[in-house]
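To start, the structure itself, in structure tokens.
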Amino acid sequence: DGGITQSPKYLFRKEGQNVTLSCEQNLNHDAMYWYRQDPGQGLRLIYYSQIVNDFQKGDIAEGYSVSREKKESFPLTVTSAQKNPTAFYLCASTQGGVNNYGYTFGSGTRLTVV
Amino acid sequence: AQSVAQPEDQVNVAEGNPLTVKCTYSVSGNPYLFWYVQYPNRGLQFLLKYITGDNLVKGSYGFEAEFNKSQTSFHLKKPSALVSDSALYFCAVRSNTNAGKSTFGDGTTLTVKP
């Protein structure tokens, strides 16, 4: 079955550590997105990529970094510069361009700072 | 710029009664509108979309939504609610001139009581 796989499901980070969240899709989608979800605040866009080797900052990119070396993969690194990283992180993908008719989401990664 | 408002944080209905979850939007150009549902600790699932054509759109699990251009609204409806419909619902919009990211509302928690 085609879909998006996020791993791990739960992740714990110590203060000052960088951690990387994985997102892989086998839908042959061009565009991929990372959102952060906090209680009562809906989804906020961190980074997005519409094509391999290219990505753009979203609304809350500070303290995060991404890469898009392969069409299938869009990993997100939460750096030590992100002061409040505890949240639920969602990866999504869609057909690129004008055929963007809705997202397919992964099951999410819950990151907790300990 | 594009934005979405979901004016109700919480909607409570009795099982068997009709339900409505409200959404209004602002966008330059023509809107593409979406509804997603999220169950606890899961990613978002696509419910339905409006791209063009008939203003009444039917989607998964018996949900439908009505596009109203003059009121810039896209309310989600279901004629007879089920307890299993209890979840968090998100409305999203993007402009037909924007091939990239969608903007999400803050979400509405629907609770259906037996």
Selection status of B:Val27, more than 10 Å from chain A (Cβ to nearest Cβ) and more than 14 Å from the chain's Cα centre (by Cα): yes
Residue in the range A:90-113 that is without any contact (Cβ under 8 Å) to a residue 60 or more places away in the chain and within 12 Å of the chain's Cα centre (by Cα) present: no
Strands (runs of 3 or more DSSP E) wholly inside the range A:1-86 that include at least 1 residues being open to solvent by 60 Å² or more (accessible area, probe 1.4 Å): A:4-7, A:10-13, A:19-25, A:43-51, A:54-57
Output for the range A:9-22, where each listed residue is in contact with a strand residue (DSSP E or B) (Cβ under 8 Å, 6 or more places away or on another chain) and more than 11 Å from every other protein chain (Cβ to nearest Cβ): A:Leu11, A:Phe12, A:Arg13, A:Lys14, A:Glu15, A:Asn18, A:Val19, A:Thr20, A:Leu21, A:Ser22
Subset of the range B:1-21 (residues that are assigned to a loop (DSSP other than H, G, I, E, B), more than 25 Å from A:Thr104 (Cβ to Cβ) and more than 10 Å from chain A (Cβ to nearest Cβ)): B:Ala1, B:Pro7, B:Glu8, B:Glu15, B:Gly16, B:Asn17, B:Pro18
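Can you tell me which residues in the range A:50-65 are of a type outside the set (Gly, Ala, Ser) and within 14 Å of another protein chain (Cβ to nearest Cβ)?
Result: A:Gln50, A:Ile51, A:Asp54, A:Phe55, A:Gln56, A:Lys57, A:Asp59, A:Ile60.
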Which numbered condition B:Glu66 fails, given (1) of a type outside the set (S, T, N, Q); (2) free of Cβ contacts under 8 Å to residues at least 40 places away in the same chain; (3) open to solvent by less than 60 Å² (accessible area, probe 1.4 Å); (4) part of a strand (DSSP E or B): (3)
Residue, farthest from B:Phe104 (Cα to Cα), within the range B:48-60, restricted to residues that are open to solvent by 80 Å² or more (accessible area, probe 1.4 Å) and either more than 13 Å from the chain's Cα centre (by Cα) or within 12 Å of another protein chain (Cβ to nearest Cβ) (or both): B:Asp54
Count - residues of the range B:33-47 that are closer than 15 Å to B:Ser73 by Cβ and at the interface with another protein chain (Cβ under 9 Å from one of its Cβ atoms): 1
Condition met for A:Tyr47 (closer than 27 Å to B:Val37 by Cα, within 14 Å of chain B (Cβ to nearest Cβ) and among the aromatic types (Phe, Trp, Tyr)): yes
Unmet requirement for B:Ala92, which otherwise passes all of (1) exposed (fewer than 13 other Cβ atoms within 10 Å of the Cβ); (2) among the small types (Gly, Ala, Ser); (3) within 13 Å of another protein chain (Cβ to nearest Cβ): (1)
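The values are calculated or read from the model by the stated rules, or taken from the named source; none is laboratory data. Everything numeric in this text was worked out from a predicted model, so none of it was measured. Ideal geometry is used to build each Cβ from the backbone, glycine not excepted, and the neighbour counts take in all protein chains shown. Note: areas computed on protein heavy atoms with side chains; ligands, DNA, RNA excluded. Shrake-Rupley method; radii C 1.70, N 1.55, O 1.52, S 1.80 Å.
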